[in-house]
Amino acid sequence: MTKVLPHVMRNINEFNIPAGDESGYEILYFGVNLILMFDYKLSFNIEVRKSDFNSNDNIEVLIISRKDVSAWKKANGINNKDIKLHYSNNGKSINDIFRPSISDAYAFILSNRTTLNNDSMTKAVNVTLIHSWQQEIKESQLKNVP
């Protein structure tokens, strides 16, 4: 007999992401095995805190395969045809859900690779990631805890 157990993992972070073509990003890695993890969802809430500058406070959110990270770092953005983009959005506040269609090791990228008027502007970003999935467990794998 098997049981289906729900799993939830939550990450809450604050990042300071500098502007610039080469170093204006933060990468968080996660892996998904759809054979073991049923109904996997990555929910995220991203919010750029107010800055003191009169400029575009948008942040870009990308999800690509981990194997494409080196090519993305070398490219100035996602213009490389060899990089498969699984998710892309930008804004001051992004609240969305990513449901992968394939098992893979993914990179969740917060990108600030733009500069305005040659001014370097670091953005403070609040990030909440919630990974949730279900997993089948054989009853023999469960230990009876008194």
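Among residues of region 1-27 that are more than 20 Å from residue 69 (Cα to Cα) and open to solvent by 50 Å² or more (accessible area, probe 1.4 Å), those with a Cβ under 7 angstrom from a residue that is charged (D, E, K, R) and part of a strand (DSSP E or B), sequence gap 6+ or separate chain, pair up as 2/136; 2/138; 4/136. Could you run through region 35-62 and say how many residues are modelled with pLDDT under 80 and not in a loop (DSSP other than H, G, I, E, B)? Selection size over region 35-62: 0. Applying the condition of being in contact with a helix residue (DSSP H, G or I) (Cβ under 9 Å, 6 or more places away or on another chain) and assigned to a strand (DSSP E or B) to region 1-29 and asking which residue is modelled with the lowest pLDDT yields 2. Scanning region 86-118 for residues that are closer than 22 Å to residue 35 by Cα and either modelled with pLDDT under 90 or loosely packed, with under 15 Cβ neighbours inside 10 Å (or both) yields a count of 6. Scanning region 88-103 for residues that are among the hydrophobic types (A, V, I, L, M, F, W, C) and either in contact with a Ser or Thr (Cβ under 9 Å, 6 or more places away or on another chain) or over 14 Å from residue 62 (Cα atoms) (or both) turns up 97, 98, 102.
The values are calculated or read from the model by the stated rules, or taken from the named source; none is laboratory data. Note that the coordinates shown come from a computational prediction; the quantities given were computed from them, not determined experimentally. Note: ideal-geometry Cβ built from the backbone for every residue, glycine included; neighbour counts use all protein chains shown. Surface accessibility is based on the protein's heavy atoms, side chains included, excluding ligands, DNA and RNA. Shrake-Rupley method; radii C 1.70, N 1.55, O 1.52, S 1.80 Å.
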